[in-house]
Amino acid sequence: MFSKIDTVHICVRDLDQSINWYEEVLELENLFYAGKYVVFRVGLGNTTITIQEGEVRPSSIKPILFSDALEETRLKLLEKDVEAGAIESDGEVTFFEFKDLDGNIFEVCHFD
């Protein structure tokens, strides 16, 4: 029925401020700006992140990003004043969470 996840859609309060944050802090490539929303490339993957100005509300869904250098990624985010949690492990996967400007939760993971 489905062939892939096309994009992860995230609502933000201030589109211009968030565009800058996603480009500068998360170092994502801005692929497409449509005036009302922006689509970002995430590394080498095919699934994108789309941000759009709108009502920000709590969600049980969170994007999970992969990193080959988990500790370095966490430290880089902390240096950029991003609220990032401690590195945890469930035995198979090592991970931590962080929040964007609007409190949207992301997870960063690593596994071999």
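Each DSSP beta bridge with both residues in the chain is either parallel or antiparallel, and the antiparallel ones are about 65%. In the chain, the longest principal axis of the Cα atoms and the axis of helix 70-79 are about 60 degrees apart. Largest GNM mean-square fluctuation across Asp102, Asp14, Asp81, computed for the chain with C-alpha springs under 10 Å, falls on Asp81. Rounded to whole Å, give me the distance from the Cα center of region 56-84 to that of region 4-22. A separation of 14 Å, based on Cα centres.
Of the chymotrypsin sites (Phe, Trp or Tyr not before Pro) found in region 21-112, those in coil by DSSP whose Cβ has at most 14 other Cβ atoms within 10 Å are Phe111. Local charge for Ile51 was computed over the other residues whose Cβ lies under 12 Å away, with Lys and Arg +1 and Asp and Glu -1, and equals -4. Looking only at Cα atoms, what is the convex hull volume of the chain per residue, in Å³? In the chain, the Cα hull volume divided by residue count equals 130 Å³. Taking the chain as a Gaussian network of alpha-carbon nodes connected by springs under 10 Å, the highest mean-square fluctuation of the residues Ser59, Ser18, Ser89 belongs to Ser59. Could you check which residue among Arg13, Arg41, Arg57 shows the biggest mean-square fluctuation in a GNM of the chain with a 10 Å Cα cutoff? Maximum among the listed residues: Arg57.
Bear in mind that the values in this text are calculations on the coordinates, not laboratory data. What you are looking at is a predicted structure, and each value in this text was computed from that prediction instead of being measured. Reconstructed Cβ throughout: ideal geometry from the backbone, glycine too, with neighbour counts over all protein chains shown.
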